[in-house]
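The structure under discussion appears below in the form of structure tokens.
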């Protein structure tokens, strides 16, 4: 079965729907069955997106992408620095 990816907006809507179902007295297993996800996914989503609004989730994703880009840039700079140190020592 192919893996389905949900956008952060869809996840937040599903979590809000889960809150409504939970207030109606449904168990977590029933909620997950109705949402079409497994319990592990539900708890992971609730941990990451619980209490967020849609605009906050978009901002979170943007910050994660920027953080990944900056990490790549830093690692490239460190590698370049190490290469220059080796060349300046004469170990080639």
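The values are calculated or read from the model by the stated rules, or taken from the named source; none is laboratory data. Fair warning: this is a prediction, and the values are worked out from it, not measured in the lab. All Cβ positions, even for glycine, are placed from backbone atoms using ideal geometry, and neighbour counts span all protein chains on display.
Selection of the range 14-42 for residues being closer than 18 Å to residue 4 by Cα and surrounded by fewer than 14 Cβ atoms within 10 Å (Cβ to Cβ) yields 33, 34, 36, 38, 39, 40.
Can you confirm whether the range 48-71 contains a residue that is at pLDDT 90 or above, surrounded by 11 or more Cβ atoms within 10 Å (Cβ to Cβ) and in a loop (DSSP other than H, G, I, E, B)? So far as the range 48-71 goes, no, none of its residues is at pLDDT 90 or above, surrounded by 11 or more Cβ atoms within 10 Å (Cβ to Cβ) and in a loop (DSSP other than H, G, I, E, B).
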